[in-house]
Amino acid sequence: MFSNFQNLLILAQADPAGAQGGGFNTLLFIPILFIILYFIVIRPQRNEEKKRKTMIEGLQKGDVVITSSGIHGKVVEFKDNNETVVLAIAKDTNVTFNSSTILRKKEKEKEA
């Protein structure tokens, strides 16, 4: 296996006849790849995180939320300068979560 890897390295380093200027194209390709990566992955992820953070900051008592573990509950109170939130998940059952674990706010169902 190691021998095959060495052969691949030797072939990759070999300069094919008539190939010129390949280094500049490679140097241009790397920044373009990072720009594409930024617009496809990093920027949308930052926007989503910003939206989630503003949603968490705007939570109020009585809002129904879903945590990242899939637990649905109603906000009862906030503790530790809004770092933790107490959710009512059943009658007489309150659970404390970090605010960062709240995934989204559940929309109120419209009555028909």
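The values are calculated or read from the model by the stated rules, or taken from the named source; none is laboratory data. Since the model is a prediction, treat every value here as computed from it, not as a measurement. With ideal geometry, Cβ positions are generated from the backbone for all residues, glycine too; neighbour counts draw on all protein chains shown. Surface accessibility is based on the protein's heavy atoms, side chains included, excluding ligands, DNA and RNA. Shrake-Rupley method; radii C 1.70, N 1.55, O 1.52, S 1.80 Å.
Run residue 87 past the list (1) modelled with pLDDT under 90; (2) not in a helix (DSSP H, G or I) and report the number of the one that doesn't hold.
Looking at each condition in turn, residue 87 falls short on (1).
Here are 103, 33, 28, 37: which of them is open to solvent by 50 Å² or more (accessible area, probe 1.4 Å), of a type outside the set (Val, Ile, Thr) and in a strand (DSSP E or B)?
Exactly one of 103, 33, 28, 37 is open to solvent by 50 Å² or more (accessible area, probe 1.4 Å), of a type outside the set (Val, Ile, Thr) and in a strand (DSSP E or B), namely 103.
What's the number of the condition residue 108 fails, among (1) more than 21 Å from residue 49 (Cβ to Cβ); (2) open to solvent by less than 90 Å² (accessible area, probe 1.4 Å); (3) not in a strand (DSSP E or B)?
(2)
If you scan region 84-100, which residues turn out to be surrounded by fewer than 16 Cβ atoms within 10 Å (Cβ to Cβ) and either within 20 Å of residue 48 (Cα to Cα) or touching a residue at least 40 places away in the same chain (Cβ under 8 Å) (or both)?
Listed by number, the residues that qualify are 98, 100.
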